[in-house]
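Worksheet for the structure shown next.
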Amino acid sequence: MQIVKTAIAGILVGMLAACASGPKVYIDADPAADFSRYQSFAFFEGAGKSAEEKYTTLSGQRIEDAISTALEARGYRVDINNPDFLVNFHLKTEEKTQTSPPVYMGGYYGYRGGMYVGWPGYTEPGYTSTYTEGTLSIDFVDRRTNQMIWEGTSVGRVTSSTRDAPNEAVRTAVASIFAKYPYVAGSSVPVAPTQ
């Protein structure tokens with residue numbers, strides 16, 4: 001009985017550790033894009049804004065600053081007049097519900113089937129919890145062709161510590177995306193990822 005409880009506790013701890021390990025990052029790229037052509041960037045007018053927003057939010061400005069810093073660290077330069085590619089980003093939060101079914105513990109002696117009646121055991125109740133999931137997507141679009149060339153998306157839980165330290169949360173999310181961006185300015189040869 002104690003072994004079963006220990007095993008379930010171990011599984012739960014493992015699941016929590018997996019959730020706490022950071023955001024999930026997804027990337028996609030146009031296989032035909034020649035990244036050696038890209039050395040300068042600018043943001044779309046209205047980058048990060050929804051249709052109803054008329055101004056840049058604090059979160060939007062933080063994201064734009066973090067993206068600029070990440071691109072400049074890779075040798076790209078800002079050129080608002082004639083950029084090689086344009087950057088857009090989208091931030092979305094959504095309330096999610098997570099449920100776990102009840103777990104029945106005990107009641108069956110497999111090695112003595114038919115000899116004994118199993119004790120009734122007990123049931124660990126299931127649970128339902130709600131949380132906020134945040135999604136940040138960053139898009140690169142070739143300015144001349146208006147074709148998306150690269151997209152990175154970071155998905156993770158928004159916690160109270162995220163809300164208490166928004167600058168750090170934004171830097172972490174943007175860094176997690178750029179850790180999977182394989183290029184530097186003027187080169188189409190992928191470099192080793194930083195994560």
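Read-outs throughout are calculated quantities, based only on the coordinates presented, and are distinct from any laboratory measurement. Just so you know, these numbers come straight off a predicted model, no measurement behind them. Here the Cβ positions follow ideal geometry from the backbone for every residue, glycine too, while neighbour counts run over all protein chains shown.
Exposure proxy shown here: for LEU91, LEU58, LEU136, LEU71, the number of other Cβ atoms within 10 Å sets the order, fewest to most, as LEU58, LEU91, LEU71, LEU136. The amide H of ARG143, built 1.01 Å from its N in the peptide plane, has PHE85, LEU86 as neighbours under 5 Å, considering only residues 5 or more places off or on other chains. Ordered by the number of other Cβ atoms lying within 10 Å of each residue's own Cβ, fewest first, ASP30, ASP142 fall into the sequence ASP30, ASP142.
All C-alpha to C-alpha distances of the stretch 137-195, sorted into 10 Å bins beginning at zero, yield P(r) values of 19, 42, 27, 11, 1 percent in whole numbers.
Cβ crowding within 10 Å ranks ASP79, ASP84 as ASP79, ASP84, fewest other Cβ atoms first.
What the phi angles of the stretch 136-147 give under the Karplus curve with 6.51, -1.76 and 1.60, with θ = phi - 60°, is a coupling list of 10, 10, 10, 10, 10, 10, 4, 5, 6, 9, 6, 10 Hz, glycine and proline written as x.
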